[in-house]
Structures are given as C-alpha cells and as structure tokens.
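Presented below is the structure to which this report refers.
The values are calculated or read from the model by the stated rules, or taken from the named source; none is laboratory data. Treat the numbers as computed from the prediction; the structure is a model and nothing was measured. Virtual Cβ from ideal backbone geometry, glycine too; neighbours counted across all protein chains shown. Each accessible area value is taken on the protein alone, full model and side chains, heavy atoms only, with ligands, DNA and RNA left out. Shrake-Rupley method; radii C 1.70, N 1.55, O 1.52, S 1.80 Å.
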Amino acid sequence: MNRRLMKRRDFLKLLITGAGTIAGMQLFQNVQANVHRAMAAGPVGESTHKWAMVIDQAKCTGCGYCTEACRAHNDVPPEISWNRVIHAGKVGSKDVYISRPCMQCQHAPCVEVCPVSASYYRADGIVMMDYDKCIGCRYCEVACPYGARAFNWETFTGDNPAVPEWGQPEVPRRPRGVVEKCSFCYQRIDRGLERGLKPGVDPEATPACVVACPVGARKFGDLNDPESEVSKLLANHPSYRLREDLGTGPRVYYLPAREEASS
Amino acid sequence: MRIKPFRFPAWRLLSPTPSHGWLIALGGVMLAGAVSGVIVLTKGLVVTNLTDLVPWGLWITIDLSAIAMSAGAFLLCAAVYLLGLKRFQPLARTATFIGLIGYSMAVLCLLFDIGRPDRFWHALVFWNPHSVLWEVTICVTLYFTVLLLETAPILGQAEWVQRRWPRLARRLASVHHYAPVFAMIGLGLSMLHQSSLGATYGVLKARPIWYRPDLSVLFIVSAMAGGPALTALASTLAASLSSKVKVNDGLIDQLSHFIGWVLAAYLYFRFWDAFAMTYTYEPGRTEGLSLLTSGPLSFNFWIGEMLLGAVIPIIILLNPRLRSRKLLRMIALALVVGGVVAYRWDTNLAGQLVLLTYLPQEITVRYTAYIPSLVEFLVGAGIVAYGLMAFTLGARYLNVVNHEVAPEAEHQMKMVTAGTI
C-alpha cells in the first residue's frame, strides 16, 4: 500500500509540475499579449478606413434631432437613446451641449470584458455588437465609462414613435435581454461603400445623426484620408475627446465651444 | 439476497416533527421563488429594480456569496488530499457537498440574471480569453464538474443507494480513488476564479472604487474564511438539531481556529487597502469610499463587515476559551458568513452607486440608487431556500455530515479499488 501511495504521489508531483509549467507559459504569453494589445495602435485589421466623428459644440444647439433620427433609422425603443444630448453648462451666455454617441473606442472596455465576444472591433474601428451572441450579462454596461450602452429590459413591441417622421428602420429590432448601442450606422456605411458612395460626403452613406443635424455640427469621415472633412477639421482646430485620461482612445472628437464663437 | 426497495414512510407525514415544518417552510419559499422566477422569465428583467446605471444587484450578490461560501470545498479537499491532513476528511466531505449546492445556487442566480438564459452556453463556444468573466465562466463550469465527481462517492456511500443499486453505488464510490487529482484540479480552478471574481470588478477603470488590484486578493481571502465557516457552522448545526448526525467537535474547533487566522489576514489586507484610498482625493474613488464609511452603505460596512463580520469573530475564534463554547463559536461562524455576504453586497454596490460623468469641464460625480424589487427578493429567497433544502436533505439521506463513518469509508474505498484492478 505504501508503494501505491508513493506512486500516486510521484504521479501527482509530475502532474503538478507539468500543469504548472504549462500554466506558467500560458500566463507569460497572456501577459505578453495583453501588454502588446494595450500598447498597439488599436485593433489590427485590413481596412483602409478609420471612421471618426467630429462634433462642433460651438454649433450644436441641443435640438436633439440627432437622437430622433438615430432612433428611427436604428429602430431604437423610446426608453433607450443611442445618442444622448446633455446640457453641459454655459460658455459666456450661450448654452453648451454634449451630444454623446458611442465613442467607438480604440481600446474599448466593453470589447475587453465581454465573456462571449459579442462586442468586437471591426477592421475599420467600429465597435460592433453581435446581438445573436449577447447573453445579456451587462458586464459591458458596467465597464463603459460613457454610459453608451443600454439593456433591453423588455421587449420593444408596437410602432416606433420616431418612424416615419424621422426616417425608416434599416436594421432589425433587438430582442429582449441583450445590450445595444450606437454602431456609427455601419449599415449605411457598408451599403454606401457598396454603391460607390463616400461616407461623410454622400448622405446615404453617412450616419443618420450627421445627416439629420440642422446646423451642421456633426461631421463624419475617414481619418486615413487626409482630405476628408474630419481630418481637415482636426488638423486645423483644437479638439478634445471625452475622458482621454482613461486611455480608451475614442473616435468621436469634440470641437469646444469658445467665448468668441458665441459673441 | 432480496433488495429492499427504498420507501418513504408515509405515516411520518401524519405526525409532523419540527423538521417537517422546516422543510415545508423551505418548500413554501421555494414555491414563491419559482413563481417569481416564472414572472422574470416571461416578462423579462423589467420586473427587477435593476437599471442601466445599476445593472448588477441582489442576484449577483447571492451569486458571489454562494461561490465564496463554496470555498470550503477546495480548501478542505486540498488540506486532506494534498497536505495530507487526513483527519479533516469528514469535513471535506461536508464542504464538497456544500460546494456543489453553492455552485448550483450561483448558476441558478445567473440564469435569472442574464437577459438571455437560453444562451447560457455561449461562453463555452464563443471564447473571449481576454475577458475575466469568460475565465470565471470556464473555471466555474469545469469546477462544477469536479464537484460532481467529488460528491459522487457521497451518493455511492449512502446506505439506501447501496441497498437499491449496489453496482451503481460501488461505481460511484470508486470515483473516490481519484480524490487527490480532483483536489488538485479543484485547487487550481478555485484559486483562479475565486480571485477573478474580484478582478471582474477590479479591472474596470470606469469605476474608480473598484479599479485596484487588491480586489482579487480580498475576494479569495474572504472566501477562504467564509467557505470553511459555513461548512463548520452547517456541520455543528446539523449535529445539534439531529441526534443521528455526529460530529467531532475537536475537528470543528481546529477549523474554526484556522478561520480566525484567515479572517485576521483578511482584515489586515482590507485595512491597508481601504487606508491607502483615504489619501488624496480621487474622483469617484473617494466618493465610493465615503459611501462605505459614512454613506448609505456605512452601517453594512462598519457594523456588518468590520465589527460583526471580522473583529468579533476574530476575537472569539482565536481565543481558545471563547472558541470552546459551542454556542459562541457557532455565533462567530455565522457572523463570518454574514460578514462575507455583506462584503460582496457592499463591493458590488459601491462601484455602481457612484457614477463619474464624462463631461469635459470638470469630472463630477452622480449618485444612483438601488433597492431590489419584491420579485428579486422572492427569487433570491427561493434560491437560498433551495440551498438550505438541499443541505437538509443531504444531511438526512446522504449522511453528508458524519464524522464517525468517513475514515472507515476511506479505507474501504482502497479495498474496493484494489479488488477491481
């Protein structure tokens, strides 16, 4: 019996050593991969595009057209807003607003934490949701610093009050129990590109909120194209992004409202 | 040899005993929970008080607590089969059974909590190895399998199973041969996911009060106190409520002593963790801390977690004279369990009740609120009642708390396996 026990102990030792070595190597590789990922210039991909949005706070009047157009084109239920417009104080005597779509982060916390990879990066930088994979654990909601995500607490049935006044739905309605968010109107971009249109220039290929803005406060385009309107705006104007300290690398830029602009 | 069929003596129902009352009460709570559960599944999570600002609530707390309370299984199995502290084997047996119940409770909680319970298996298929929650899911799934294998011998050793299905019983009991391997795998998996549950919160930069490496350490250390505490408490309780259940008080005394030291270590880590956060103002973190020290969670924190959950049990469990008084020791163990549950509740809420705005001018803080809805309470109570019911039945019919028979069983097991080879 003693020999049996010794054998078993030897076997256990061998197993522990083996498992420990493998686990150690895995851990090492994982740490390496994580550090690389954190330092790399965003999601690796083949796309030639890098979509970005520029929102000019000097022009924004807080009318909320963007939210309504988004609601209609993406069939968003009334209690959810993919794009929220928030009163952000005053500059001089003028009210200033923050219009907040999904930031389409370069290092998106939601993508990092999703246990089923329902949130993922597209090669062109859009942070996408796979509504067929999402299990509704809401970890991404807890992780997003921008409150850009909303859970479908109940089934959205009946008519969308924003339709047809603000547009027609272009994507399927999400089922109860999944988290949803702004997708930069990927469907408009993709269909537009197929038809040879230019997102940011041709309205049919541009996010609905940008098209709907009555004062032209929102611009959309390709950061990889130095001639695009967003590239030029960012090159010639001071801009900022929300919570840059977090290192998320948002693809939504803001041109701040300044005192002289209001006078 | 004739095999006597297992029969429940029906006449017993006609003369109710206190234990029947207990089981009927638990059944009632479970029924209420089941009805509420059906409401949740049909109407959706809109019937909860959870919001997009506080998406994790009572059920997540029960889930976290149930997993923490199951930590006795991996600890005691490691002590018995890897460190060779064979005398703790009967306690390991009880802890394993409690672990199985705890993990099944956690899974039940999650099934109600996730928006798409029909997709519970997605994490096993659509991998995101970068997500700590994915790692937790995989570990929990694997460890649940280990627990099933570890509890199989308990079923195989039960007298009525042996009488009715002798072959099955022998086969189930023979699984015990691999106990050391299970103990090792269980130790690895538990160290991983018990800590990762803390890291689930700890890696979120958007929530400053959570964003610190200590959470994973605090989660596993508190689980190492809470898990064995529940095992010791449940064993003592079962022995004092039923004349059939026999425990070795010396073993429980030793385990309680160990729990006292773990708790002291936990308090030490917790102190430096909290103390370090009191220096300098950090938006969101300071507010989160003040929710605990002087806000709506302060009673939980000071009284529930610190005084009752740590300081008093440490004094009782580390003092041989106080510890030897059975009632006092039981109270201390119950306080440890309560303290760990309070810690999970407070941790989960502290990060969600404080919201950092993302407005550029100044980083300001907003407060949110959360009180579980009736449906949430009922489902939660139903799940807890299920756990208590499962343990009660286990103690009665599977002999899960028995400090007299087990060492014998260990010996028998070797004979059985030697005979089959």
*Averaged over peptide A:152-159, how many Cβ atoms belonging to another chain are found within 10 Å of each residue's Cβ?*
3
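Rounded to a whole number, what % of the accessible area of the protein assembly as shown do carbon and sulfur atoms account for, probe 1.4 Å?
Details: 20190 of 31130 Å².
Its accessible area is 65 percent carbon and sulfur atoms.
Summing -39500 (n - 2.57) over the DSSP H runs of n ≥ 4 in chain B and dividing by its residue number, what mean residue ellipticity at 222 nm do you reach, to the nearest 500 deg cm²/dmol?
Values: 18 runs with 288 residues, N = 421.
Result for chain B: -22500 deg cm²/dmol, rounded to the nearest 500.
Relative contact order (percent) for segment B:188-337, with alpha-carbon contacts under 8 angstrom and 6 or more residues of separation? Intermediate values should be presented prior to the final figure.
Values: 159 pairs, mean separation 38.3, N = 150.
Across segment B:188-337, relative contact order equals 26 percent.
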*Give me the accessible area of B:F299, 1.4 Å probe, in Å² rounded to the nearest 10.*
140 Å²
_Relative contact order computed over segment A:73-147 (Cα-Cα under 8 Å; 6+ residues apart), in percent_ = 22 percent
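What length, rounded to one decimal in nm, is gained on full extension from B:W160 through to B:M191, with 0.36 nm per residue of separation minus their alpha-carbon distance?
Details: separation 31, 0.36 × 31 = 11.16 nm, distance 3.56 nm.
The B:W160-B:M191 span can extend by a further 7.6 nm.
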*Over the heavy atoms of B:I101, what accessible area does a 1.4 Å probe trace out, to the nearest 10 Å²?*
10 Å²
*Rank A:D10, B:D249 by accessible area, highest first, at a 1.4 Å probe radius?*
A:D10, B:D249
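With an 8 Å Cα cut-off and a minimum separation of 6 or more residues, compute the relative contact order for chain B in percent.
In percent, rounded to a whole number, it is 26.
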*Those lysines that a straight Cα-Cα span of less than 19 Å connects to A:K133, excepting residues fewer than 8 apart in one chain*: A:K181
*Can you name the helices of chain B, as whole DSSP H runs, whose Cα span along the helix axis is 24 Å or more and whose Kyte-Doolittle mean is not below 0.5?*
B:18-43, B:89-113, B:132-157, B:179-202, B:214-241, B:249-277, B:326-350, B:374-397
_Give me the inter-chain shielding for B:196-204: mean count of other chain Cβ atoms within 10 Å, whole number please._
2
*Simple label model, 7 Å out from Cα along Cβ direction - A:R173 to A:A235, nm*: 4.6 nm
_Complex-versus-alone comparison for segment B:30-50, residues with a loss of 30 Å² or more in accessible area, probe 1.4 Å_ = B:L45, B:V46
*So, by mean Cβ neighbours within 10 angstrom, what's the order for A:190-197, B:25-32, B:91-98 with the highest one leading?*
B:91-98, B:25-32, A:190-197
*Would you mind working out the accessible area per residue for chain B, using a 1.4 Å probe, and quoting it in Å²?*
44 Å²
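Would you mind working out the magnitude of the charge dipole of segment B:214-355 relative to its Cα centre, with +1 at each Lys and Arg C-beta and -1 at each Asp and Glu C-beta, to the nearest 20 Debye?
Working: 10 positive and 8 negative charges, 152 e Å.
I would put it at about 740 debye.
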*To the nearest 10 degrees, how steep is helix A:2-39 against the longest Cα principal axis of chain A, on a 0 to 90 scale?*
20 degrees
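With every protein chain kept in the model, how would you rank B:I24, A:I16 by accessible area, 1.4 Å probe, largest at the top? Show your work: numbers first, answer last.
On the way: B:I24 120, A:I16 85 Å².
Of B:I24, A:I16, the descending order of accessible area is B:I24, A:I16.
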*Please list, or write none, the lysines whose alpha carbon is within less than 16 Å of the alpha carbon of A:K94, excluding same-chain residues fewer than 8 places away.*
A:K59
*Give the ranking of B:F391, A:F28, B:F271 by solvent-accessible surface, highest area first, calculated with a 1.4 Å probe.*
A:F28, B:F271, B:F391
*asked:* What is the distance in Å between the Cα centroid of segment A:195-224 and that of segment B:285-300?
replied: 46 Å
_Chains B and A, summed buried accessible surface - 1.4 Å probe, Å², nearest 100_ = 4300 Å²
_So, taking all protein chains as they sit and a 1.4 Å probe, how much accessible area belongs to A:K50, in Å² rounded to tens?_
70 Å²
*Cα to Cα, under 22 Å, and not fewer than 8 places away if on the same chain: which lysines meet these conditions relative to B:K246?*
B:K86, B:K326
*asked:* Can you give me the C-alpha center-to-center distance between segment A:94-138 and segment B:86-112, rounded to a whole angstrom?
replied: 37 Å
*Work from the charge dipole of the protein assembly as shown (Cβ charges, +1 for Lys and Arg, -1 for Asp and Glu, about the Cα centre) and give the residue of B:V107, A:V127, B:N399 farthest towards its positive end.*
B:N399
